[in-house]
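Asker: Here you go, one structure.
Derivation of every value follows stated rules applied to the coordinates shown; laboratory data play no part. As the structure is a computational prediction, the values presented were derived from the model and not from experiment. For neighbour counting, all protein chains shown are included, and Cβ atoms are generated from backbone atoms with ideal geometry for every residue, glycine included.
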Amino acid sequence: MSEGDKRLRVAVLGCGAVGSQVVRLLTEQRDDLAARVGGPVDLVGVAVRRLDAPRDVEVPEGLLTTDASGLVARDDVDVVVEVIGGIEPARSLILSALDNGASVVTANKALLAEDGPTLFEAAAKAERDLYYEAAVAGAIPIVRPLRESLAGDKVTRVLGIVNGTTNFILDKMDTAGSGFSEALEEAQELGYAEADPTADVEGFDAAAKAAILASLAFHSRVTASDVYREGISEVTAADVASARDMGAVVKLLAICELRPGPNGDQVAARVHPAMIPRSHPLASVREAYNAVFVESEAAGQLMFYGPGAGGSPTASAVLGDLVTVARNRLAGTRGAGESAYADRAVQPMGETRTRYHVAIDVDDRAGVLAAVANAFADHDVSIQTVRQEGRGADAQLVVVSHAASDAALSATVQQLREMEIVREVTSVMRVEGGEE
């Protein structure tokens with residue numbers, strides 16, 4: 001961009017569900033965007049894999065190209081929007097764009113969670129912006145509040161529903177009594193779940209987002225491999241019913257928090273299904289919606305809610321970043337970069353304190369309850385509540401523990417499984433919220 005030239009030139013990588021909506025908004029709202037930015041915003045190229053692929057929007061003539069590398073290397077491109085996803089070629093294209101002087105807006109959660117530091121270092125070296133609001137929770141503004149609005153506060157916990165597919169499935173299991181497979185099939189029919197839903201239902205998508213949130217909230221580098229992960233494929237109708245009996249609901253939660261460690265606070269980051277009280281704000285998040293609950297020392301409790309996926313909602317977040325980056329380019333400034341000064345260690349999952357809900361099929365005879373209680377006591381795990389359901393061959397104990405280390409709780413469950421009086425440990429689920 002030459003001195004005195006207020007025209008911003010934008011290249012888009014990808015024209016799928018999100019990219020096509022970015023192109024649409026750039027085209028339809030061109031005049032409004034120019035007024036908000038302070039100069040015209042011109043779409044100068046859209047990189048795709050196939051020129052003849054069907055698309056949801058009509059791309060202006062002459063803009064489509066299969067040469068993504070050539071597009072990001074153009075001297076006249078000021079901002080590159082990356083919405084192709086995955087690790088490669090996205091990483092190489094983003095690094096090339098920064099190296100060639102362009103600022104970058106990305107929605108790539110997987111890449112940021114795996115190799116964010118490389119991208120941030122490249123942006124700092126190039127003195128260009130790297131913005132990524134759309135990488136977490138779609139249209140919901142959560143990255144910028146953590147990155148900027150709460151920069152003067154100390155965030156202590158981030159608790160979120162950050163995957164719409166799993167929330168839809170669990171909501172249907174709770175409200176309609178559906179089984180997991182039935183609810184997944186409905187999610188696929190409605191377009192909420194992919195044909196291969198592994199990334200969603202096994203928690204990989206949520207873990208990548210948790211890594212990004214933890215990095216932002218606690219000013220430390222956290223990768224997806226640092227995040228403990230469990231999916232929802234093992235959640236049963238019985239688990240959901242048991243939660244309902246407790247006045248709770250099952251949600252797949254991304255939990256990032258500061259926990260005491262031997263040398264100061266550590267970052268604990270985990271993704272797993274958990275029971276939460278129906279009185280908790282996150283319990284009311286229905287269908288494919290997302291919500292993120294933030295706790296900080298000065299601001300207290302904040303909740304961000306809205307559509308967490310989809311072409312138009314995600315494109316809204318992309319355009320918000322694009323406007324900010326474009327304003328920075330015109331002003332000759334940069335926004336906030338990576339903040340990893342705290343460099344806190346990641347706490348092993350075994351040291352993280354949680355509560356457990358354990359359902360145990362047992363022999364219906366004298367002394368069973370005492371033997372089960374002793375198993376918990378052997379590992380210093382305090383029992384909060386215990387109840388018996390059924391008699392004879394259908395006898396079952398349901399135990400909810402107080403908070404203890406995850407390692408101690410896991411050892412307790414293992415001991416229960418080895419006891420002669422225990423026919424089967426039918427369900428093990430963590431409990432969040434309420435009293436520890």
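Asker: Please list, in chain and number order, the residues 5+ apart from Ala73 or on another chain whose amide H is under 5 Å from its amide H, with Hs placed from the backbone.
Answerer: So Ala73 has HN proximity to no qualifying residue.
Asker: Ranking Ile383, Ile276 by Cβ neighbours within 10 Å, fewest first, what do you get?
Answerer: Sorted ascending by nearby Cβ count, the order is Ile383, Ile276.
Asker: When you take every Cα atom in the range 34-158, what is the radius of gyration, and what is Dmax, the widest Cα pair distance, in Å?
Answerer: 15.9, 50
Asker: So if I restrict to the alpha-carbon atoms in the range 86-147, what is the Rg, and what is Dmax, the biggest pairwise distance, in Å?
Answerer: Values for the range 86-147 (Cα only, Rg and Dmax): 11.2, 31 Å.
Asker: Kindly express, to the nearest 10 degrees and within the range 0 to 90, the angle between helix 164-175's C-alpha long axis and the longest C-alpha principal axis of the chain.
Answerer: That helix lies at roughly 40 degrees to the long axis.
Asker: If each DSSP helix of 4+ residues adds -39,500 (n - 2.57) and the sum is divided by the residues in the chain, what number results at 222 nm, nearest 500 deg cm²/dmol?
Answerer: Calculated from helices alone, the mean residue ellipticity at 222 nm is -10500 deg cm²/dmol.
Asker: Among the lysines, which have Cα under 29 Å from the Cα of Lys154 when same-chain residues fewer than 8 positions away are ignored?
Answerer: Straight-distance partners of Lys154: Lys109, Lys125, Lys209, Lys251.
Asker: To the nearest 0.05, what FRET efficiency results for Asp31 and Ala124 with a Förster distance of 51 Å applied to their C-beta separation?
Answerer: Using R0 = 51 Å, I get an efficiency of 0.90.
Asker: Now, a different point. Taking every DSSP beta bridge with both residues inside the chain, roughly what % is antiparallel (nearest 5)?
Answerer: 70 percent
Asker: In 10 Å bins starting at 0, how do the alpha-carbon pair distances of the range 349-431 split up by percent?
Answerer: 20, 57, 21, 2
Asker: At a threshold of 8 angstrom on Cα-Cα distance, excluding pairs fewer than six apart, so keeping six or more, what relative contact order does the range 143-307 reach in percent?
Answerer: Relative contact order for the range 143-307 comes out at 32 percent.
Asker: Another question, if that's okay. Relative to the longest principal Cα axis of the chain, at what angle does helix 90-99 sit, 0 to 90 degrees, rounded to 10?
Answerer: Long axis of 90-99 versus the principal axis of the chain: about 40 degrees.
Asker: For the residue pair Asp115 and Asp76, what label-to-label distance in nm results when each label sits 7 Å from Cα along the Cα-to-beta-carbon direction?
Answerer: Rounded to a tenth, the inter-label distance reads 3.1 nm.
Asker: May I pose another question? Take the Cβ-Cβ distance between Ala241 and Thr156 as r, set R0 to 41 Å, and report the resulting FRET efficiency rounded to the nearest 0.05.
Answerer: Taking R0 as 41 Å, the efficiency between Ala241 and Thr156 is 0.80.
Asker: Given Cβ point charges of +1 (Lys, Arg) and -1 (Asp, Glu) and nothing else, what value in debye, to the nearest 20, does the dipole of the range 143-307 about its Cα centre take?
Answerer: In total the dipole reaches around 720 debye.
Asker: Just round it to a whole percent: the fraction of Cα-Cα distances in the range 278-321 exceeding 15 Å.
Answerer: 55 percent
Asker: While we're looking at this one, here's another question. Just want the ordering: Arg259, Arg50, from fewest to most Cβ atoms lying within 10 Å of their own Cβ.
Answerer: Fewest to most other Cβ atoms nearby, the residues stand as Arg50, Arg259.
Asker: If contacts are Cα pairs under 8 angstrom and at least 6 residues apart, what is the relative contact order of the chain in percent?
Answerer: 16 percent
Asker: Let me ask something additional. Can you give me the angle between helix 204-218 and the longest principal axis of the chain, using Cα atoms only, in degrees from 0 to 90, rounded to the nearest 10?
Answerer: It is inclined by approximately 80 degrees.
Asker: Report, in debye and to the nearest 20, how large the dipole of the range 349-431 comes out about its Cα centre when Lys and Arg carry +1 and Asp and Glu carry -1 on their Cβ.
Answerer: With only Lys, Arg, Asp and Glu charged at Cβ, the dipole is about 260 debye.
Asker: Now for a different question. When only DSSP loop residues count, what GluC sites (Glu not before Pro) in the range 38-124 have their Cβ near at most 13 other Cβ atoms within 10 Å?
Answerer: Glu58, Glu61
Asker: Related question: Take the Cα of Arg286, step 7 Å along the line toward its Cβ, and report every residue of the range 137-174 whose backbone nitrogen sits under 18 Å from that point.
Answerer: 161, 164-174, by backbone N distance to the label point.
Asker: In what order do Tyr228, Tyr305, Tyr131 fall by count of nearby beta-carbon atoms within 10 Å, going from fewest to most?
Answerer: Sorted ascending by nearby Cβ count, the order is Tyr305, Tyr228, Tyr131.
Asker: Under the definition of Cα pairs under 8 Å and six or more residues apart, what whole-number percent is the relative contact order of the range 27-111?
Answerer: Over the range 27-111, the number comes to 23 percent.
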